[in-house]
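All of the numbers you see were taken from the coordinates with simple rules; none came from a lab. None of these values were measured; they are calculated from a predicted model. FYI the Cβ positions are ideal-geometry reconstructions off the backbone, even for glycines, and counts take in every protein chain you see.
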Amino acid sequence: MLRLPRLVLAAPHSGAGKTTVALALLQALGEQGLKVQPFKVGPDYVDPSHLEAASRRRVYNLDGFFLDETGLLSLFQHGAKGADLALVEGVMGLFDGKDPLGQVGSTAQVAKLLKAPVALVVDASGMAGSIVPLVQGFRNFDPGVQVVGVFANRVGSPRHAELLREALGQVGLPLLGWLPQDPLLEIPERHLGLVLAGEIRPPLAALRRAFQVDLEAVLRLATSALPLPKAPPFLPEGKPAWVRVAYAWDQAFRFYYPESLELLEAMGAELVPFSPIGDSALPEAEALLLGGGYPELFAEQLAENRAMREAIRRFPGPVVAECGGYMYLSQGLWVGEDFFPMVGLVPGEAHMAERPILGYRQVEALRDNPVAKKGEAFKGHEFHYARMESSPSPAWRRVGGEEVEGYTDGRILGSFVHLYLPACPEGAGRFLALAHGKAKLRRPR
């Protein structure tokens with residue numbers, strides 16, 4: 001059995017301040033000498049970058065659409081090794097997920113699976129006593145979800161905080177902490193969510209100074225979590241490295257699930273980072289991985305690096321490019337009225353739009369590609385503003401529909417779908433085997 005103190009931070013809706021409170025709480029707990037392991041519910045790349053900066057620990061995604069119960073428990077225990085406490089930041093509202101009542105892909109689903117107490121982060125601006133029926137509704141909606149306390153965000157004054165504390169006390173819920181209403185404490189946003197860590201304003205120290213918290217109460221509630229059954233190992237037994245995989249990692253490309261990268265390493269990949277913005281040549285490798293990110297923000301620098309674009313065009317091994325990486329492989333990227341040439345390995349040009357495309361995806365391979373045989377199904381997620389022209393050789397068909405997307409010629413896979421490889425590890429194995437096989441063919445006899 002695993003006896004690890006843990007707490008889930010949820011909210012009534014997006015934008016309440018879960019990440020801000022999580023960062024402040026990580027700082028406060030770290031000051032007590034505790035090793036706190038953060039997790040993020042849902043298919044998110046941005047919030048984990050902030051949690052990792054605050055905790056100095058790798059942050060994993062807990063998602064009930066990607067993994068079954070056993071897989072989620074395995075990933076949780078894998079990530080929590082060596083930690084004194086786990087802090088799980090939720091996604092959207094507590095009961096928001098893939099289905100109308102959040103039975104799948106929601107914070108509530110993960111909290112129930114982890115048998116973890118839940119603290120609601122409430123945007124308290126403009127309310128006092130009204131916080132009670134709001135919180136009570138979430139507390140009573142699902143008996144399997146243990147709402148045990150509240151963090152108030154955007155509080156007007158110490159007196160306002162005291163009113164909230166007294167109101168919540170009437171129904172036996174503690175106000176665990178609060179942050180003042182101060183624009184300088186807000187994390188800036190852009191079109192794909194918050195800015196990445198490293199671009200953060202304010203400094204973490206300023207956020208911690210503003211945070212009023214009852215750490216004794218927080219630790220008492222986290223310690224009340226019931227033991228969890230022991231789960232099987234999340235990763236296969238590690239193999240010696242036998243394939244080198246170069247992966248894009250710089251300001252423009254950094255959206256990867258860490259557990260997917262760890263899976264590749266466990267299956268024998270040596271992962272070598274490179275920068276499409278700053279490097280003039282690819283590292284020696286047999287396969288190429290281009291993750292998502294913000295190519296539209298760095299389109300000019302990417303276009304100017306002709307040496308890298310040419311190196312990728314000439315790369316002979318398998319290439320997997322997701323979302324931003326897919327845009328980078330296109331003939332070019334339109335940002336407003338400006339056109340920037342890209343690598344040119346896949347047909348079509350990428351155009352930025354005003355409305356996003358987002359949601360969970362289950363896709364079926366229309367033809368063999370570097371991770372899937374024709375007919376195999378994978379799980380993933382989309383969140384992007386870009387549009388690509390119709391592909392002459394689409395990679396995927398949406399399961400249960402006729403919609404197709406992406407591009408493949410068997411060696412190259414470009415798609416807006418971020419695949420979750422741990423849900424289908426055979427795909428990772430195929431990618432590495434294809435890279436190894438093509439490398440053998442290229443070697444002189």
The chain, relative contact order in percent, only Cα pairs under 8 angstrom and at least six apart counted: 13
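What is the local net charge at Asp279, summed over the other residues whose Cβ is closer than 12 Å to its Cβ (Lys, Arg +1; Asp, Glu -1)?
With Lys, Arg at +1 and Asp, Glu at -1, the net is 0.
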Chain lengthening between Val104 and Arg58 when straightened (0.36 nm per residue, less Cα-Cα): 14.1 nm
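Taking 0.36 nm per residue of sequence separation and subtracting the Cα-Cα distance, how much length would be gained by fully extending the chain between Ser157 and Leu358, in nm to one decimal?
68.6 nm
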Antiparallel bridges, percent of DSSP beta bridges restricted to the chain (to nearest 5): 40
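Using a/c under 1.5 as the rounded threshold, could you call the chain rounded, prolate or oblate? The axes a ≥ b ≥ c are square roots of the C-alpha gyration tensor eigenvalues, and prolate needs a/b larger than b/c, oblate otherwise.
Because a/c hits 1.5 or more and a/b exceeds b/c, the chain counts as prolate.
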Inter-probe distance in nm under a simple model that places probes 7 Å from Cα toward Cβ, at Glu304 and Phe339: 2.1
Separation between Cα centres of the range 100-132 and the range 418-435, rounded to whole Å: 34
Crossing angle, helix 69-79 versus the chain [Cα axis fit, 0-90 degrees, rounded to tens]: 90
The range 75-136: C-alpha gyration tensor shape, a/c 1.5 cut-off, then a/b vs b/c: oblate
Trypsin sites (Lys or Arg not before Pro) restricted to the range 49-158 and DSSP loop, no more than 11 other C-beta within 10 Å: Arg56, Lys81
Angle in degrees between helix 18-31 and the longest Cα principal axis of the chain, rounded to the nearest 10: 70
The range 345-438: GluC sites (Glu not before Pro) falling in loop per DSSP and having at most 16 other Cβ within 10 Å: Glu376, Glu389, Glu402, Glu403
Label zone at Glu186, where the point sits 7 Å out along the Cα-to-Cβ direction: the range 122-143 residues whose backbone N lies under 20 Å: 122-128
Only Lys, Arg (+1) and Asp, Glu (-1) charged, at Cβ; the chain dipole about Cα centre in debye: 1180
Karplus 3J(HN,Hα) series, Hz, for the range 83-94 with 6.51 cos²θ - 1.76 cosθ + 1.60 (x for Gly, Pro): 8, 8, 7, 10, 10, 10, 7, x, 10, 6, x, 3
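In terms of the Cα gyration tensor, with a ≥ b ≥ c the square roots of its eigenvalues, is the range 248-388 rounded because a/c is under 1.5, prolate because a/b exceeds b/c, or oblate? Don't jump to the answer; show the numbers that get you there.
On the way: a/c = 1.60, a/b = 1.13, b/c = 1.43.
Note, shape of the range 248-388 comes out oblate.
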Helix-derived mean residue ellipticity, 222 nm - over the chain, DSSP H n ≥ 4, -39500 (n - 2.57), to 500: -8500 deg cm²/dmol
Selection of GluC sites (Glu not before Pro), the range 254-344, meeting DSSP coil and at most 11 other Cβ within 10 Å: Glu284, Glu337
C-alpha center-to-center spacing [the range 10-34, the range 260-333] in angstrom: 33
Mean separation of Cα contacts under 8 Å, 6 or more apart, over the residue count of the range 36-127: relative contact order %: 30
Cβ charges +1 (Lys, Arg) and -1 (Asp, Glu), total dipole of the range 280-366, debye: 180
